[in-house]
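What follows is a short report on a single structure.
The values are calculated or read from the model by the stated rules, or taken from the named source; none is laboratory data. Treat the numbers as computed from the prediction; the structure is a model and nothing was measured. When we count neighbours, we look across all protein chains shown, and the Cβ atoms used for this are built from the backbone with ideal geometry, even at glycine.
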Amino acid sequence: MIGTEVDKIEKELRAQIGRALACGLKPDYPDTHLDSLEAKEEYLVIVRKLTKGYNLPVSGWCGEDRECFDIYNVALEEEEKVLVEKLRSTRPGSYLLVVHPGLDTPEERALINQNPDGLKNVYCYGSADVQAITAQR
């Protein structure tokens, strides 16, 4: 394989943005999915370069309150209750609610978070996320 890891990442991200634009989509913002593109400074340089070039903001970098809805620091069985409580008590403002919905399947269990500080056993949270965001409250 030719090219560095960083070159390959930039090429892939450009291809993804280009594909979206070619399909007639107008992206609102790119996401650093599971903060994987925030794991190394070299990756952040690419994100900044691409977002500047495409004039896109980055999810989580626009002054949103990222902590208010941090539902990954509670016990899985409490996630729904905590999310509902937070939604009911939140004041007007700009917030970022991050969820990773999924079902407990072999494919979901095979997911590995590449961010060293990220979630372990992502599949557990995916199922809890589905339950929390589809709750009838």
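Some points to look at:
- Some residue of the range 28-51 being under 20 Å from Arg137 (Cα atoms), assigned to a helix (DSSP H, G or I) and polar (S, T, N, Q): no
- Boolean, Glu79 is surrounded by 15 or more Cβ atoms within 10 Å (Cβ to Cβ) and closer than 19 Å to Gln131 by Cα: yes
- Residue that is nearest to the chain's Cα centre (by Cα) [pool: residues in the range 17-27 that are part of a helix (DSSP H, G or I) and surrounded by 11 or more Cβ atoms within 10 Å (Cβ to Cβ)]: Ile17
- Scanning the range 74-81 for any residue that is farther than 23 Å from Val58 by Cα, of a type in the set (Val, Ile, Thr) and either in contact with a helix residue (DSSP H, G or I) (Cβ under 6 Å, 6 or more places away or on another chain) or in a helix (DSSP H, G or I) (or both) turns up at least one such residue.
- Gly126 meets each of the listed conditions (1) of a type outside the set (Asp, Glu); (2) without any contact (Cβ under 8 Å) to a residue 24 or more places away in the chain; (3) in contact with a His (Cβ under 7 Å, 6 or more places away or on another chain) apart from (2).
- Selection from the range 98-136 of residues that are modelled with pLDDT of 85 or more and part of a loop (DSSP other than H, G, I, E, B): Pro101, Gly102, Leu103, Asp104, Thr105, Ala110, Thr134
- Here Lys86 meets the list (1) among the basic types (Lys, Arg); (2) surrounded by 15 or more Cβ atoms within 10 Å (Cβ to Cβ); (3) in a loop (DSSP other than H, G, I, E, B) almost entirely, failing just condition (3).
- Entry remark, the range 37-59: residues being surrounded by fewer than 15 Cβ atoms within 10 Å (Cβ to Cβ) and either of a type in the set (S, T, N, Q) or in contact (Cβ under 8 Å) with a residue 60 or more places away in the chain (or both) number 1 in total.
- Only one of the listed residues (Arg91, Arg14) is assigned by TED's automatic domain parsing to the domain that holds Ser127, at pLDDT 90 or above and either surrounded by 12 or more Cβ atoms within 10 Å (Cβ to Cβ) or part of a loop (DSSP other than H, G, I, E, B) (or both). That residue is Arg91.
- Residue check, Ile133 of a type in the set (A, V, I, L, M) and either without any contact (Cβ under 8 Å) to a residue 12 or more places away in the chain or on the phi > 0 side of the Ramachandran plot (or both): no
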